[in-house]
């Protein structure tokens with residue numbers, strides 16, 4: 001702002017009093033400070049869209065969810081907006097609910113088993129496709145199909161296939177002499193069924209990320225190892241696995257956050273049932289808030305927040321791992 | 001440099017403005033699409049908004065024409081928005097929270113008492129809506145605390161469809177099916193003949209409770225005591241059918257639509273389903289008939305009523321009620337009820353129109369009888385207690401049928417959870 005330097009001193013003082021650049025003894029100093037201030041404003045202006053976006057679409061919904069979980073909402077108070085503040089009563093209700101312990105267990109089992117299976121199958125396939133045999137690209141593309149399908153399509157298809165009476169899985173089992181398995185309607189099988197479907201859907205993601213990780217391991221290492229007489233098994237454990245560790249860590253952590261919040265597959269296949277046998281925190285939260293004619297917004301939001309906290313913890317672990325990688 | 005700095009600043013400021021207005025535009029259009037543009041209502045007194053759960057009807061449908069016709073008669077323009085049934089309750093609650101409810105809201109009957117409790121709906125005392133012709137058993141779903149919060153546009157209910165071909169092959173005479181014992185005996189014969197017995201929906205949602213209620217009420221049990229011996233006998237009936245293979249295990253996950261698909265294969269002797277499947281039954285080319293769900297010792301069990309209510313949500317501008325009342329009266333006059341209920345495959349809520357329907361289509365006769373015997377789910381002054389009871393009821397059904405608890409234990413824990 002060139003013209004400020006040409007201003008007479010008294011005018012400049014007026015400007016100073018107006019707060020643009022206070023207590024500037026020398027004209028030159030004032031200019032740099034003003035320049036810095038305007039730079040700062042520019043910086044803020046550039047930041048504003050993102051800040052606004054974050055506030056509108058992330059901070060506000062989170063705040064609103066927290067707010068919901070701390071008030072006793074009935075349909076009447078929801079409409080009138082005068083729900084009484086009840087502190088942690090909703091959380092206490094959720095912890096005391098007979099569904100809490102099974103939901104926690106199912107969430108843990110679902111997440112762990114899905115992650116282990118998705119990762120190991122994905123890694124095995126990635127190593128397999130790394131051999132670059134004929135048609136390997138086409139086969140690899142086929143493995144991506146589950147990833148490309150809308151979840152409602154894959155989940156509905158799985159629930160048809162696993163139908164007790166008319167599903168293809170039981171028809172096949174029947175052909176080899178195994179009695180019907182009530183995949184979706186027996187409390188001892190429903191969790192297994194949704195895990196199978198979710199693993200099928202999650203393998204492609206692991207395959208793609210791990211496969212690209214394998215590309216970055218130099219072939220010369222394998223050649224050297226082969227010359228030293230290392231077999232395939234040895235090469236995998238001494239070269240592939242350790243060098244893939246950073247990629248593996250990210251894959252597992254992203255998978256964990258994703259699996260923790262899986263809702264659609266379970267809801268479409270079993271609705272969390274029968275008798276809560278496949279209820280996880282994600283489906284329970286929805287069930288409380290929307291699964292009934294009379295919505296329980298408070299407890300539903302409380303369960304949702306527990307899920308957010310769990311995801312946040314693992315998100316922080318992810319950041320820490322990422323930082324460690326960056327520094328090493 | 002200074003000029004470019006300023007230009008940069010201006011550009012940034014413009015971006016901010018663009019983004020903010022963009023965001024607010026989004027949010028206002030977001031709520032606008034939900035409210036159907038009701039926010040402009042105050043300035044536009046000549047446009048009345050109607051929300052309905054019939055997305056299957058588009059602009060060229062008879063339903064839309066009927067709405068527009070009633071608007072013209074009342075001298076106003078109609079703006080109609082159709083929602084998915086499951087969406088409509090939450091949309092209506094949100095709209096009421098924002099103070100821009102529709103003028104006319106057509107909503108699933110068990111939700112009426114919930115919305116009335118929330119203070120979203122006007123009573124017929126406020127709007128002077130005439131409901132004297134409506135059958136009392138149908139109107140009860142919209143009553144709470146001695147007031148009536150709307151009028152049914154039509155009703156449907158459940159009954160048993162049977163497949164003549166399967167029954168004949170199994171040597172079952174349908175007239176012998178009169179109570180639970182004879183029905184179970186018929187199912188045993190059907191199974192012995194290598195066919196499948198009965199299909200229904202016992203899914204873990206409101207649909208599951210809806211389907212279980214005819215048996216529950218047919219046993220003589222009341223919704224106020226889920227753990228009564230009568231209630232246990234109803235759940236044991238279903239449990240037995242599953243255990244003996246008379247009903248498929250998949251009923252635990254069946255919606256009413258998937259259950260119908262099973263019946264439509266032609267392998268099943270019986271299916272519990274609703275009035276709305278009549279058209280599909282003809283289309284599937286089934287040789288079928290319909291009987292009411294039998295009570296435990298004979299007679300017809302009361303089935304729950306389905307179908308929607310036409311309601312008038314609370315408005316700031318109470319002067320609108322007079323016109324809205326005209327619109328609702330037009331929608332529910334005898335001729336229009338006959339047309340609408342024929343399209344929806346519903347039974348009309350007044351005896352006058354029911355008789356006309358039965359005369360025009362004899363196949364509707366058993367349904368008219370079933371609707372006359374039907375009960376509102378939120379009746380008996382249960383009101384907003386019903387959703388909680390219903391949730392525990394479907395959970396108990398799921399626990400018992402899947403074998404994770406005995407019918408007695410399942411209903412016992414259901415009753416203690418309601419308290």
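Only the coordinates and a few stated rules stand behind these numbers; no lab work does. Please read all numbers here as calculations on a predicted model, not as lab measurements. Virtual Cβ from ideal backbone geometry, glycine too; neighbours counted across all protein chains shown.
Relative to the longest principal axis of the Cα atoms of chain A, the long axis of helix A:245-260 lies at roughly 90 degrees. For the residues of A:290-300, the average number of beta carbons from a partner chain within 10 Å of their own beta carbon is 5.
Normalising the average separation of contacting C-alpha pairs (under 8 angstrom, six or more residues apart) by the number of residues puts the relative contact order of the range A:102-291 at 36 percent.
Summary of the geometry: the range A:67-111 and the range A:261-328, compared by the centres of their Cα atoms, lie 13 Å apart. Relative to the dominant Cα principal axis of chain B, helix B:351-360 is inclined by about 70°.
Count the DSSP beta bridges whose two residues both fall in chain B, then state the antiparallel fraction as a percent rounded to the nearest 5.
Percentage antiparallel, nearest 5: 65.
Here the protein assembly as shown carries DSSP beta bridges of which approximately 65% are antiparallel, counting only pairs with both residues inside. Neighbour counts of other Cβ atoms within 10 Å put A:182, A:174, A:132 in the fewest-to-most order A:132, A:174, A:182.
Between residue A:327 and residue B:128, take the C-beta separation as r, use R0 = 51 Å, and let me know the FRET efficiency to the nearest 0.05. Here the calculated transfer efficiency is 0.10. Calculated mean residue ellipticity at 222 nm for chain A: -22000 deg cm²/dmol, from DSSP H runs with n ≥ 4 weighted as -39500 (n - 2.57), summed, divided by the residue count and rounded to 500. Highest GNM mean-square fluctuation among A:73, A:318, A:58, for chain A modelled with Cα contacts below 10 Å: A:58. Between residue B:419 and residue A:62, the modelled label-to-label distance comes to 4.3 nm, taking each label 7 Å out from Cα in the direction of the beta carbon. Peptide A:272-284 has a mean of 4 when you count, residue by residue, the C-beta atoms of other protein chains within 10 Å of its C-beta. Under conditions of 25 °C and 0.890 mPa s, chain B yields 105 µm² s⁻¹ as its translational diffusion coefficient, taking Rh as the Kirkwood radius over Cα pairs in the Stokes-Einstein equation. The residue B:62 and residue B:178 beta-carbon pair, evaluated with R₀ = 41 Å, returns a calculated FRET efficiency of approximately 0.55.
Please check which bits of the range B:261-303 a label hung off residue A:174 would reach, taking the label as a point 7 Å along Cα-to-C-beta and the cut-off as backbone N under 14 Å. Answer for the range B:261-303: B:267-268. Principal axis analysis of the Cα atoms in the range B:278-377 yields extents of 53, 30, 24 Å, listed in decreasing size.
Scoring B:147-156, A:61-70, B:290-299, A:202-211 by mean Cβ neighbours within 10 Å over their residues and listing the highest first yields B:147-156, A:202-211, B:290-299, A:61-70.
Scattering from the range A:102-291 was approximated by placing one identical point on each alpha carbon and applying the Debye formula without solvent; log10 I(q)/I(0) at 0.08, 0.11, 0.16, 0.18 1/Å stands at -0.33, -0.59, -1.01, -1.16.
To the nearest 10 degrees, how steep is helix B:334-344 against the longest Cα principal axis of chain B, on a 0 to 90 scale? The two axes meet at around 70 degrees. Counting neighbouring beta carbons within 10 Å and listing from fewest to most, the residues A:251, B:378 come out as A:251, B:378. Residue by residue along B:395-403, Cβ atoms of other protein chains within 10 Å of the local Cβ number 5 on average. With contributions of -39500 (n - 2.57) from each DSSP H run of at least four residues, the per-residue ellipticity at 222 nm computed over chain B stands at -15500 deg cm²/dmol. Checking the a/c ratio against 1.5 first, then a/b against b/c, what shape does the Cα gyration tensor give for chain A? Since a/c reaches 1.5 but b/c is at least a/b, the shape of chain A is classed as oblate.
Each of the peptides A:266-277, B:358-369 was scored by the mean count of other Cβ atoms within 10 Å over its residues; in descending order, highest first, they stand as A:266-277, B:358-369. Over the protein assembly as shown, the Kirkwood radius and the radius of gyration, each from Cα atoms, give a ratio Rg/Rh of 1.06. The value of relative contact order for chain B, using C-alpha pairs under 8 Å at least six residues apart, is 23 percent.
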